[in-house]
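Reviewing the structure listed below.
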Amino acid sequence: MIQIERTPWREMVNHAQASYPNECCGAMIGSIDGDQKTVMFALALDNVSQGSQRARYELRPEDLLRADREARERKLDLIGIYHSHPDCAAYFSETDLKNSCPWYSFVVLSIQEGKFDHANSWLPNAEQTHAEKEELLWPES
Ligand SMILES: [Zn+2]
């Protein structure tokens, strides 16, 4: 299960709404205790996907390394990645699966007509052939 604290959740939703109609992406930092994850910080990252970003996002590998370093400096972990789906449900697409890493949680925020609608968290398997839905709790849920 993944729980997102109020401040990072607001930042994630604001980032996703501000990026509409494009996709946004970022890192989630916090603590991991068994399969209980708590997101305490959100780090907005650049979507560097070339061409239309309405249905694509791409992170710079060095941004992810920076997020990982920042997490360790705070004695926390890089829990995962969030990104938005403009005018689309918060499912995990084929592309999402292909670009995933099995050790991270992937939170997808559905933004409908510029406003937050719903979110899901996904856990890809090691083969990146399937992603399982992870229980997700956010402050207003
Ligand atoms: Zn996606």
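Below is a table of values for the structure above.
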| read-out | value |
| --- | --- |
| Chain lengthening between Ser93 and Ala55 when straightened (0.36 nm per residue, less Cα-Cα) | 12.7 nm |
| Where only alpha carbons of the stretch 14-66 are counted, the Rg and the Dmax (Å) | 12.9, 39 |
| Rg/Rg_globular for the chain, with Rg_globular taken as 2.2 N^0.38 Å and Rg from C-alpha atoms | 0.95 |
| Gap separating the Cα centres of the stretch 97-111 and the stretch 1-30, nearest whole Å | 13 |
| Residue-normalised accessible area of the chain, expressed per residue, 1.4 Å probe, Å² | 53 |
| For Gln112, distant residues with modelled amide H under 5 Å away | Asp87, Asp117 |
| Inter-label distance, nm, simple model (7 Å from Cα along the C-beta direction), Glu140/Trp103 | 3.4 |
| Contour minus Cα-Cα distance for Asp77 and Glu62 (0.36 nm per residue) | 3.7 nm |
| Accessible surface of the chain, 1.4 Å probe, proportion on carbon and sulfur as whole % | 47 |
| Only Lys, Arg (+1) and Asp, Glu (-1) charged, at Cβ; the stretch 1-114 dipole about Cα centre in debye | 160 |
| Counting DSSP beta bridges with both ends in the chain, the antiparallel % (nearest 5) | 70 |
| Neighbourhood charge, 11 Å Cβ-Cβ cut-off, centred on Ser31 and excluding it, Lys, Arg +1 and Asp, Glu -1 | 0 |
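The values are calculated or read from the model by the stated rules, or taken from the named source; none is laboratory data. In this text, all values refer to a predicted model and were calculated from it rather than measured experimentally. Glycine also receives a Cβ, built like all others from the backbone with ideal geometry; neighbour counts cover every protein chain displayed. Just the protein is used for accessible areas: all its heavy atoms, side chains included, with ligands, DNA and RNA removed. Shrake-Rupley method; radii C 1.70, N 1.55, O 1.52, S 1.80 Å.
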